[in-house]
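The values are calculated or read from the model by the stated rules, or taken from the named source; none is laboratory data. These figures come from a predicted structure and were not determined experimentally. All Cβ positions, glycine included, derive from the backbone under ideal geometry; neighbour counts span all protein chains shown.
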Amino acid sequence: MELSRMATPANLIAALLALLPFLAAAFFPSVTGRARVLPLWAQLSCPSVLCLPYVLVASAVGSFRWGWLALYAALPVAVALLLWQARRLDRNQRGVWLDFLVLATLGLAVDLRWFEGAWSAHLAIFNKVLLLDAGIYGFLALRQLDGVGFDLRLRLRDAGIGLREWAFYTPIALALGLSLGFLHLHRVWPGLEAMTGAWIFTFFFIAVPEELFFRGWLQNLLERRMGRTAALLVTAVLFGLAHFNKRAVYFNWRYVLLAAVAGVFYGRAWRAERRVGASAVTHATVDAVWSLWLR
């Protein structure tokens with residue numbers, strides 16, 4: 001979110017409301033269990049409040065549409081209902097079709113930008129955060145999926161694992177990326193402030209959401225169906241394919257290839273101790289280095 005364009009009262013309040021569920025679940029994991037004390041109707045309907053950031057932002061710029069309001073009110077409720085039903089059908093948490101239907105819907109909505117027309121171009125990140133909130137509530141509060149590892153109270157061990165996997169991936173990425181003409185070395189030192197800012201922004205708004213989705217939810221569920229190695233590879237391939245339309249009009253196969261290989265190391269970082277924070281460290285470091293020196 002570009003701060004100069006975000007700094008209106010409506011946008012700032014909307015950003016706070018959108019980020020609150022994400023940050024609360026990340027830094028206070030026990031909060032996700034609080035929903036279960038509510039009556040069932042309240043558990044299933046309360047995600048509809050995720051439409052409020054849209055109401056605030058769209059009303060402020062005069063782009064409010066009832067259809068978009070209905071979508072942002074109804075879709076989180078549908079996610080909650082499907083994952084509540086998945087929990088009832090799958091007490092052993094092996095993963096059922098409802099889980100994968102939700103993941104496919106959320107993943108395609110973000111990757112293909114289905115709902116970004118609701119927002120001004122510079123505010124489209126709201127869409128990603130709100131869909132992430134819907135998934136967090138559904139998978140963690142209602143589905144109660146175990147082994148996700150969504151805890152951003154980082155430990156030294158998380159940083160160590162994350163940087164280890166980054167070190168393993170870097171020579172492979174450099175060899176592939178430079179030989180394919182995808183990476184281009186820049187010899188400009190961006191400065192410590194720019195480096196720190198790029199890493200923090202990437203960690204919270206790119207790495208953590210993608211690692212929670214692909215590793216904490218998808219790889220986690222696939223492991224229960226096909227085993228650790230197959231789940232790692234399938235998730236890495238799907239992660240690569242999710243980048244097919246980045247920096248290209250059609251199919252950016254170089255990006256897909258580099259992202260798929262990166263996905264193997266992100267998946268290794270997550271499964272080492274089943275911690276999203278560890279794989280997000282790897283992911284954020286890869287992306288920050290790429291954006292500052294190799295893009």
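Residue 179 meets the conditions (1) under 21 Å from residue 246 (Cα atoms); (2) in contact (Cβ under 8 Å) with a residue 40 or more places away in the chain; (3) assigned by TED's automatic domain parsing to the domain that holds residue 221 in every case but one. The failed one is (2).
Looking across region 182-230, the residues that are farther than 19 Å from residue 263 by Cα and of a type in the set (Phe, Trp, Tyr) come down to 189, 201.
Pairs are defined by a Cβ separation below 8 Å, a sequence spacing of at least 6 or placement on different chains, a first member in region 120-133 that is free of Cβ contacts under 8 Å to residues at least 12 places away in the same chain, and a second member that is part of a helix (DSSP H, G or I) and among the acidic types (Asp, Glu); the pairs so defined are 124/116. Taken together, 244, 205, 213, 239 contain a single residue that is surrounded by fewer than 17 Cβ atoms within 10 Å (Cβ to Cβ) and not basic (Lys, Arg), which is 244. Only one of the listed residues (83, 132) is of a type in the set (A, V, I, L, M) and within 21 Å of residue 280 (Cα to Cα). That residue is 132.
Residue-by-condition table, conditions (1) more than 23 Å from residue 103 (Cα to Cα); (2) among the hydrophobic types (A, V, I, L, M, F, W, C):
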site: 236; (1), (2): no, yes
site: 240; (1), (2): no, no
site: 254; (1), (2): yes, no
site: 257; (1), (2): no, yes
site: 265; (1), (2): no, yes
site: 277; (1), (2): no, no
site: 289; (1), (2): yes, yes
site: 295; (1), (2): yes, no
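Scanning region 158-188 for residues that are farther than 30 Å from residue 83 by Cβ and part of a helix (DSSP H, G or I) yields a total of 19. Considering region 237-280 alone, what residues qualify as being touching an Asp or Glu at 6+ places or on another chain (Cβ under 6 Å), part of a helix (DSSP H, G or I) and hydrophobic (A, V, I, L, M, F, W, C)? Those that are touching an Asp or Glu at 6+ places or on another chain (Cβ under 6 Å), part of a helix (DSSP H, G or I) and hydrophobic (A, V, I, L, M, F, W, C): 265, 269, 276, 278, 280.
Are any of the residues in region 143-150 in a loop (DSSP other than H, G, I, E, B), surrounded by 21 or more Cβ atoms within 10 Å (Cβ to Cβ) and either on the phi > 0 side of the Ramachandran plot or modelled with pLDDT under 95 (or both)? For region 143-150, residues in a loop (DSSP other than H, G, I, E, B), surrounded by 21 or more Cβ atoms within 10 Å (Cβ to Cβ) and either on the phi > 0 side of the Ramachandran plot or modelled with pLDDT under 95 (or both): present. Here the condition is being touching a Leu at 6+ places or on another chain (Cβ under 7 Å), without any contact (Cβ under 8 Å) to a residue 60 or more places away in the chain, farther than 20 Å from residue 163 by Cβ and assigned by TED's automatic domain parsing to the domain that holds residue 167; of 235, 229, it holds for 235 alone.
Condition check ((1) more than 19 Å from residue 45 (Cβ to Cβ); (2) surrounded by 13 or more Cβ atoms within 10 Å (Cβ to Cβ); (3) assigned by TED's automatic domain parsing to the domain that holds residue 53; (4) among the β-branched types (Val, Ile, Thr)) across all residues:
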position	(1), (2), (3), (4)
76	no, yes, yes, no
79	no, yes, yes, yes
83	no, yes, yes, no
91	yes, no, yes, no
95	yes, yes, yes, no
109	yes, yes, yes, no
114	yes, yes, yes, no
117	yes, no, yes, no
122	yes, no, yes, no
